[in-house]
Amino acid sequence: MWIALPAGHAQAFPENLVSRARVSASSQASPADGKYGVLRLADGNRATHWASANKALPQWIRIEWDQAQEFDTISLQIYHTQARNLYAGWKRFEVELSDGTKRAYTVQPDQDVVNARLEKPCRAKWVQITLLEVYEERTYVGVDEVGIYLDPERRIREPKPIARALPREAIRVLGGRPHPSVYVTAADVARARRNAEQTEWGRQTKQEILAAADKWLERTEEEWLRFLPPPGACYAYGFTGCPICRSSWGTWGGARCSWDRPGTVQCTQGHILPDAKHPDDGSGYKGPDGRVHYFVGSWNAWVTEQWLNAINRLGHAYALTGDERYAERAAFFLDALASIYAESTSGSWDYPSSPPSGRFARPWYQVARTLVPFVEGYDLIYTSKALNKPSLRPRLEKGFPKGPTLQQRAVGTADAHGKSWEGMTRRDNIDLNLMQDGAYYCYSHSFSGGLHNGHADYMRGALAVGVLLGIPTYVYNAVESPYSIYAMLANNCDRDGRYYETALGYAIHCRNLYLTFTEPLRHWSDERYPKGVNLFANDRFRAFYELPDLTMDVAGHALNYGDCGPDHAFIFPSDAKFSGTDYTFAEHLYAGCTGAERERFARLLRYLAGGDVERARAAAPNRTWLLYHADPVPGAEAPSLPEDLHRKVFGSWFLGQKGLAILRDGSGAEAQGALVRFGPSLNHG
Ligand SMILES: [Zn+2]
């Protein structure tokens, strides 16, 4: 196919006159044609740069021709933001021409490109650019490339601004949101109470929630407070295991700890640590082989993760019963944790990063994994008067050790401090020092440019708090930024509804992550989005959740490719297809859609449930979610699949973008199939 270009397109881009000049510099960190030599600023390659020999100022570069050239634009690409530890940011420089013209220019902080325009074209035999001042001294100053052009039509442009996080003080917190409104609304709470009365699975689910919550009503507040770690304490996965027998004691909330033996862990062989031979002052026990065993760090992680779970269960118990005792206890745990959250910034010390970063035990993007259930529980009790009581924080702070905390002394994670004042309420403390602190951490990490699952975590963490507290910046960032949920969908989900990575397991994990964007976005409301944002209206989004598991099934086997292990299983094939994963997604599609789409997904649910949706719900793993969102599904028969889905599950299917052809034939016990591949293998990264 031929494409006709508009005539103007053929016009040559202005020639860079530097390409036929001699260049020299006041100094250089290697010979002229070496790695950091002056020729590197005139080689047209943005991957190379010139570096000065040292930090002394002024430094200059000079561009010289045999004959005078005519030009009006000098474009300077500064080397600074790529390596700010080593290269100073330019502040003020001067341009001098051989005809005597002299101009001074100021550079903004972090500005990478300066297009210096002369008022009219000049003729000159040489140009000298002299750097006079930098923002902060570093080892070198550098230039990526220099361009000198005759550009009367102004075709040389500034680069597009890069999306960057706003500083925390510029984030507006508007408040005024109804509650609950992040993952459920008041209408959903009414539905949950109805389901708990009218369905068997609903009754059972409510009982389980109340039983789990009741456990946390035991003990007094003062008894629980003894377990609260100090600010900046050690947290750990506990990777190294038992120093005596090498067996594991579990990780985080799943560690083998007990309220009856505070500060200790127990390995699977029964060793309780620390003990007299393996002491731990809070920063870990260093074994003879040099490895560190974090007993107390694992205990601290266990406490914070157990309490997170408590807050979540107590919140749901409050939503289902209105019993203030649940809200009171959830508010207590939240307030206690919020008194050390903004200070506990290291994440797990045994996570490979230096210095470690995070909140409590969770490193980096994992901060969102715990922030989201904190938000869920908090939102459910937000209207309770239990949150108007005075916060523990001012009192607790008086008892905390003074000076640098353990994290700063032992692993070099910089200490941070939350806000505190006499008379602050629990709500003040939780809003500021847990919710807003965690959300800003997530938000500020969501501009790295990656669109991977870790990025999705950062986005959803900030989004949840944005919808909770009325912070438009976090909501708009999730739907409008270059790294939004729509950018993730467009880049990571292909036209066949498949995830771009080859690994089937990570593809399902990604779907679960994106699903957590749907409810907060739908529940948001402001002038810009009066009806919120409905991801289920997006074709690509819906396709991503339509039977992703069963469409990759051939005669009972998951397609064996990518990083799957060998599949030796004997399976008696059957036409009665079921996938718990697909069932969960079908419930979300049914709850999230309206009209003909909703009817399509009602059919899908009845198909997967063999006609008995209530029975399938009783066996579903996500019954807490179902309690709030499941409406009766009309009809009792087991229908066939919609035609397009039937072909993808039982017939043959060609997935052009992924380079897969799935061939199926026969039915029941005679079912057979083959996979043909020509596409790429994109492993998890
Ligand atoms: Zn052991």
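Here residue 166 passes the criteria (1) part of a strand (DSSP E or B); (2) under 30 Å from residue 472 (Cα atoms); (3) aliphatic (A, V, I, L, M) except the one numbered (1).
Going by what's in this entry, would residue 583 be described as aromatic (Phe, Trp, Tyr), under 31 Å from the mean Cα position of the chain (by Cα) and over 20 Å from residue 608 (Cβ atoms)? Taking the combined requirement at face value, the residue does not satisfy it. For region 419-450, the tally of residues that are under 11 Å from the mean Cα position of the chain (by Cα), crowded, with 20+ Cβ neighbours inside 10 Å and not hydroxyl-bearing (Ser, Thr, Tyr) stands at 3.
Quick one: would you say residue 83 is out of contact with any Asp or Glu (no Cβ under 9 Å at 6 or more places or on another chain), farther than 17 Å from residue 148 by Cβ and of a type outside the set (Asp, Glu)? Criteria met by residue 83.
For residue 173, the criteria (1) at pLDDT below 95; (2) in contact with a Gly (Cβ under 8 Å, 6 or more places away or on another chain); (3) hydrophobic (A, V, I, L, M, F, W, C) hold in every case but one, which is (1). Residue selection: residue 296 satisfies the criterion of being over 25 Å from residue 208 (Cα atoms), touching an Asp or Glu at 6+ places or on another chain (Cβ under 7 Å) and in contact (Cβ under 8 Å) with a residue 12 or more places away in the chain.
Residues considered: 637, 599. Of these, the only one that is over 32 Å from the mean Cα position of the chain (by Cα) and either basic (Lys, Arg) or not in a loop (DSSP other than H, G, I, E, B) (or both) is 599.
The number of residues in region 265-284 being within 21 Å of residue 224 (Cβ to Cβ), within 12 Å of the ligand (Cβ to nearest atom) and assigned to a loop (DSSP other than H, G, I, E, B) comes to 0. If a residue must be out of contact with any helix residue (DSSP H, G or I) (no Cβ under 7 Å at 6 or more places or on another chain) and surrounded by 24 or more Cβ atoms within 10 Å (Cβ to Cβ), how many such residues does region 313-344 contain? Result for region 313-344: 2. Just name the residue that is modelled with the highest pLDDT out of those in region 48-98 that are of a type in the set (Val, Ile, Thr) and not in a strand (DSSP E or B). So, considering only residues that are of a type in the set (Val, Ile, Thr) and not in a strand (DSSP E or B), the one modelled with the highest pLDDT is 48. Pairs are defined by a Cβ separation below 8 Å, a sequence spacing of at least 6 or placement on different chains, a first member in region 345-372 that is charged (D, E, K, R), and a second member that is part of a strand (DSSP E or B); the pairs so defined are 350/292; 369/362.
For region 242-255, which positions are under 15 Å from residue 274 (Cβ atoms) and either away from the ligand (no atom under 15 Å from the Cβ) or buried (at least 17 other Cβ atoms within 10 Å of the Cβ) (or both)? If the condition is that a residue be under 15 Å from residue 274 (Cβ atoms) and either away from the ligand (no atom under 15 Å from the Cβ) or buried (at least 17 other Cβ atoms within 10 Å of the Cβ) (or both), then 242, 243, 249, 255 are the ones that fit.
The values are calculated or read from the model by the stated rules, or taken from the named source; none is laboratory data. Quick caveat, the model's predicted, so the values are computed rather than measured. FYI the Cβ positions are ideal-geometry reconstructions off the backbone, even for glycines, and counts take in every protein chain you see.
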